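The values are calculated or read from the model by the stated rules, or taken from the named source; none is laboratory data. Since the model is a prediction, treat every value here as computed from it, not as a measurement. In this analysis, Cβ positions are derived from the backbone assuming ideal geometry, glycine residues included, and neighbour counts consider all displayed protein chains. Each accessible area value is taken on the protein alone, full model and side chains, heavy atoms only, with ligands, DNA and RNA left out. Shrake-Rupley method; radii C 1.70, N 1.55, O 1.52, S 1.80 Å.
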Amino acid sequence: MDSNHDSSSSNGLETSMSTTNRDNKIYHRHSVHQIQRLEAYFKECPHPDDTQRHKLGEELKLKPKQIKFWFQNKRTQAKAQSEKVFNASLRAENIRIRRENEVIQEALKTVTCPPCGGPRPGKEERKLYLQKMRAHNAYLKRQLEQISDFVNNNGGHSIPSVNSLASTSSNPHFSYGTSSNRPLEPPSLEREQYTHEHINNAQPTQHFQPLSQMEKMMMSQTMVNAVTEIIRLIHIEEPMWIKSSIDDRLVIDQENYEKSFTNISHLKSPSARIESSKDVVVVPMDARNLVDMFFDTEKWARIFSTIVNEAKTIHVLESMDTQRQNFSQLMYEQLHILSPLVPPREFIILRCCQQIEDDLWVIADVSCHHVNIDFESPTCSKRPSGCLIQALPNGLSKVTWMEHVEVNEKVRTHRIYRDLLCGGFGYGARRWTVTLERMCERLHLSSISVFPTTDFAGVVETIEGRRSVMNLGERMLKNFAWILKMSGNYDFSQLSETNSSGVRVSVRVNSEAGQPTGLIVCAASSICLPLSPLEVYNFLTNLEIRHQWDVLCHGYPAAEVAGFATGTDDKNRVNILQTASTAEDADMMIIQDSFRDALGGMVVYAPVDLNTASAAVSGQVNPSGIPILPSGFIISRDGHHFTSPELEDGSDYSKSLLTVAFQILVSGPTLSGDLQIEESTTTVNTLITSTLQRIKVMLNCNEGK
């Protein structure tokens, strides 16, 4: 009895202590200020990394683990809420469709035959009638093909294709592909001899179905709404535009936006991320010329060649008049920046221009999904975005740019570029204005008729030669930016362990003018360096130490034999370099084009023989036909902003993201087997990793990841 009593007492004591411990447990509740700060940060960056969580914890006096758990719980809560709203809308849509179906089924019961007024045809009769209609449609298609062949064979014009301003065809689909199972990209916009290469050069002609009257009406209303929204958003400041909680840039306050504008999301995913930004720049170009460049897809792709990989006009809805007052078109564009680790973005957009005043234009872009186009489910949708272009004295233009995009990335961006893209500096307004300013300066300098004092003419004796070299450098930059998509990727697992981002390899067979003919292997890799972009750029453009990392120099110093400024910053130049190399390489030169801006920079170069260099500097040969294979570097800030009065521009970014890409011509015009491809990729992989290793050692960044 005593033992039972003791046992019972012991159990009661333990239960009492357990209850007391639970009662005494402290539950920490965040303050109102902490919750507001966390909520604001979550809107812009729902997935903060360790560094961001640590910094936010220091600011709010919370442990990183508390920050981590709060964001996890918030994401779960937001997902549940979004799915609840999304499911409710689907149920409502399902009910509406069911009711419409019931009405249609009821109406079909009383359908009569229009010619005779009798009862509707039976199932077999309708089936037979449908077969006859299909046979007649096939007959008309054959007739169309015969007429088209006849016109082509007799020197006439074929049926308008994708490059036509107004396209008509029996094929309503917009698709990129061939019978090959190798991936292909949309064909290039270049009208010059050089076009971008693909692994399979047989690209079928693409046609688009004419727009119906209903589609035109819907597009017209969409453009009117987009123009109105952009004008309001650009002119409204607070409370519509607020400072980002991450980097102090201006972003749209989504709560105020949703109250002011009725905008239905084009993306079906409830977890779509919103990017918004605004920036202003003054450029040395006449406003009317600028408006014209925005509506010529070839000029658009040229001026934004480091952002726009492809651009196609699908339909012209309203032609530009002589006074450039109104213009609208449906177009396709693919955007890509910085690295193969950054996924490209594709849009089908309506672009509209409206002249508001004598010296003021508005350009509006908005995603369009009203038309019957075979386009893969979009991962991005452009809400009304665009710019105001105001004419200023002396041929200048003031451009106010605004970007507003929904993003649902199917493939998550690599961690080293995630902060940059989530912060809005990836595809944000700042990138567009910085690029526009740089290219307008370049176009202005390339059009002058005398050598400016900032130039070193050297071996280039004529203005035509100077212009030829500058055009060649511009084409190098465009091609280098294009190859970073790494289309036609081959997966070589043994190459993926060389550094944190791995080495990505692409193989293609080129037969087009403008690049060497044959098998070309391209490899690219991206790393993070604990240095500012300005420091990295100055290192890569320093000719005194170039021979220590560039294999093209063969260990011999490089010297500039000609150089031309491409912008107001004298560091932005196109150069012709020569090395004091061995006898067998004495006939080689290097053409290099480099620039730096507020977001980073590029250094792109290519070896050329003396005959090619002579053709370029003479100015007597079209630079678009000169075969050249560029390699180089893209430098970018890492997305974290720090100010410092010690640097020239007053800004310092503690880290840089560096992408290096090399292209190598391997052999003849056809793929000769997996062994040759593997050997070539191993060679280019060794080259890229050894170059990066030398650069990190020279920069004292051997531990950079």
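Computed quantities for the displayed model
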| quantity | calculated |
| --- | --- |
| Hey, L335 open to solvent by 40 Å² or more (accessible area, probe 1.4 Å), in the same structural domain as V283 (by the TED database) and at pLDDT 85 or above or not | no |
| Pick from segment 603-649, criterion surrounded by fewer than 18 Cβ atoms within 10 Å (Cβ to Cβ) and touching a Leu at 6+ places or on another chain (Cβ under 8 Å), ranking: modelled with the highest pLDDT | D649 |
| Subset of segment 592-641 (residues that are within 22 Å of T435 (Cα to Cα) and of a type in the set (V, I, T)) | V603, V604, I634, I635 |
| Selection from segment 500-527 of residues that are surrounded by fewer than 18 Cβ atoms within 10 Å (Cβ to Cβ) and of a type outside the set (V, I, T) | S500, S511, E512, A513, P516, G518 |
| Qualifying residue in segment 477-495 (condition: assigned by the TED database to the domain that holds L629, among the acidic types (D, E) and at pLDDT below 85) | yes |
| Conditions (1) in contact (Cβ under 8 Å) with a residue 24 or more places away in the chain; (2) surrounded by fewer than 21 Cβ atoms within 10 Å (Cβ to Cβ); number of the one not met by P557 | (1) |
| Qualifying residue in segment 101-116 (condition: at pLDDT 80 or above, out of contact with any Asp or Glu (no Cβ under 7 Å at 6 or more places or on another chain) and not in a helix (DSSP H, G or I)) | no |
| Positions within segment 31-48 being assigned to a loop (DSSP other than H, G, I, E, B) and open to solvent by less than 50 Å² (accessible area, probe 1.4 Å), in sequence order | C45, P46, P48 |
| Looking only at segment 691-700, and only at residues there that are within 29 Å of the chain's Cα centre (by Cα) and in contact (Cβ under 8 Å) with a residue 12 or more places away in the chain, the one that is most open to solvent (accessible area, probe 1.4 Å) | K696 |
| Filtered residues of segment 541-554 (kept if out of contact with any helix residue (DSSP H, G or I) (no Cβ under 8 Å at 6 or more places or on another chain) and open to solvent by 50 Å² or more (accessible area, probe 1.4 Å)) | N542, E544 |
| Selection from segment 65-96 of residues that are outside the structural domain of D49 (by the TED database) and among the β-branched types (V, I, T) | V85, I95 |
| Tally, over segment 216-255, of residues that are at pLDDT 80 or above, aliphatic (A, V, I, L, M) and part of a loop (DSSP other than H, G, I, E, B) | 2 |
